[in-house]
Amino acid sequence: MRTLLIVNPNATSTTPATRDLLAHALESRTQLTVAHTQHRGHAAELAQWASTNEMDLIVVHGGDGTVNETINGFLPLPELNDGQAWIPRLGVIPGGSANVFARALGISPDPVTATNQLIDLLTLDHDRTIGLGLADDRWFTFSAGVGLDADVCEAIDASRAKGRAATPGRYVRTTVRQFFRAKRREPQIRIEIPGLEAVDEVHYAFVTNASPWTYLNATPVHTNPGTSFETGLGVFAVRSMAVLPTLRLAGQLLAPNGNPKSRNLFRDDDVPSVHIETKEPIGLQIDGDFIGKRNVVDFTAVPDVLEVVAPQPRR
């Protein structure tokens, strides 16, 4: 088995010791090439190289942003896939601050435990085929968001650029600050889903491909508990930013068996596609990375498109 190990040395919890442990473990079972990312977009370039050279497996040791870049580097878009492209399998060893994709797949957040888990699964030849989401022409693994969530990601990215770590506390403080800024704006998002009436006057919306799609420390956040890698997309659209209803909704999201409901909430856990448009450009985040501002975004569920080395889903 020919394997490319992509390491993001700047990820929050990536350490030389864990990298060396992972490399040693993979070297004993595969023909290994190790590459470190050196700039934004480099993981996509490395993944494309691995696909061109018909590598069997790509293992990513980094955060969700590195995983997203990697997938977008080697996985062809549906309209461009003629069935001839070489598509490696994907393994993930957490190395970022949140590692939502790995945790949603049942991979341990501890890099050492996750390394042992990966080796065991490779020994058993144990793969899982999952669906992904598309936001226009970009794959996402667990979530995309317009409005508030994108504003938070933009602010966190700006903090990272100044050398500040993306800690859970920083996310909470940034979310509260961005919430009160966004609260003053008029709702401008319109959501269209095939077969349903359009939803207007939305303040912010999440489109998810898994549940949970984020964490508050070790606490999972469930916006769409019926959404999984084996279903369509989940939509969570909020039509009120009043403080008390928001606090009640937040309590539901953090509950162990949360099933969020509100008269100011539109929610559907299994849709094939979503069209979102706004009167003015609004922020878009994909897998935790701020992408920019858009007036229109189309989201599509693509089933059974990626093989990952991960435990089978719980029934």
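The values are calculated or read from the model by the stated rules, or taken from the named source; none is laboratory data. In this text, all values refer to a predicted model and were calculated from it rather than measured experimentally. Positions of Cβ are backbone-derived with ideal geometry, glycine not excepted, and every protein chain shown enters the neighbour counts. Surface areas here come from the heavy atoms of the whole protein model, side chains and all, with no ligands, DNA or RNA. Shrake-Rupley method; radii C 1.70, N 1.55, O 1.52, S 1.80 Å.
Given the criterion surrounded by 15 or more Cβ atoms within 10 Å (Cβ to Cβ), part of a strand (DSSP E or B), in contact with a strand residue (DSSP E or B) (Cβ under 7 Å, 6 or more places away or on another chain) and not β-branched (V, I, T), identify the matching residue among D304, D268.
D268
Would you pick out the residues in the range 245-263 that are open to solvent by 40 Å² or more (accessible area, probe 1.4 Å) and in a loop (DSSP other than H, G, I, E, B)?
P256, N257, N259, K261, S262, R263
Within the bounds of the range 193-204, is there any residue that is among the small types (G, A, S) and without any contact (Cβ under 8 Å) to a residue 12 or more places away in the chain?
Yes, that holds for at least one residue.
Which pairs turn up if I take residues in the range 72-85 that are in a helix (DSSP H, G or I) and look for partners that are open to solvent by 60 Å² or more (accessible area, probe 1.4 Å) with beta carbon separation below 8 Å, at least 6 apart in sequence or on another chain?
N72/R138; G73/E45; G73/Q48; F74/Q48; F74/I87
Can you tell me how many residues in the range 155-182 are of a type in the set (D, E, K, R), open to solvent by 50 Å² or more (accessible area, probe 1.4 Å) and either touching a residue at least 60 places away in the same chain (Cβ under 8 Å) or part of a helix (DSSP H, G or I) (or both)?
5
So that you can scan it fast, the table gives a plain yes or no per residue for (1) in contact with a helix residue (DSSP H, G or I) (Cβ under 9 Å, 6 or more places away or on another chain); (2) among the aliphatic types (A, V, I, L, M):
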| residue | (1), (2) |
| --- | --- |
| I189 | no, yes |
| A198 | no, yes |
| V202 | no, yes |
| T214 | yes, no |
| L233 | no, yes |
| P256 | no, no |
| S262 | yes, no |
| V274 | no, yes |
| E277 | no, no |
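Considering only residues that are crowded, with 21+ Cβ neighbours inside 10 Å and touching a Ser or Thr at 6+ places or on another chain (Cβ under 8 Å), look in the range 103-116 and name the one that is farthest from V305 (Cα to Cα).
In this case the residue turns out to be P111.
Residues that are surrounded by fewer than 19 Cβ atoms within 10 Å (Cβ to Cβ) and either within 21 Å of the chain's Cα centre (by Cα) or of a type in the set (V, I, T) (or both): does the range 233-243 have at least one?
yes
Scan the range 172-188 for residues that are in contact with a strand residue (DSSP E or B) (Cβ under 8 Å, 6 or more places away or on another chain) and closer than 29 Å to N257 by Cα and jot them down.
Matches in the range 172-188: V172, A182.
Checking the conditions here, which among R128, R138, R190 is touching a residue at least 60 places away in the same chain (Cβ under 8 Å) and open to solvent by less than 50 Å² (accessible area, probe 1.4 Å)?
Going through R128, R138, R190 in turn, the sole match is R128.
Just one of (1) of a type in the set (S, T, N, Q); (2) within 26 Å of P109 (Cβ to Cβ); (3) open to solvent by 40 Å² or more (accessible area, probe 1.4 Å) trips up T227, so point out which.
Here T227 clears every test but (3).
Specify the residue that is surrounded by the fewest Cβ atoms within 10 Å (Cβ to Cβ); the eligible residues are those in the range 9-48 that are within 16 Å of G65 (Cβ to Cβ), touching a strand residue (DSSP E or B) at 6+ places or on another chain (Cβ under 8 Å) and at pLDDT 95 or above.
H36
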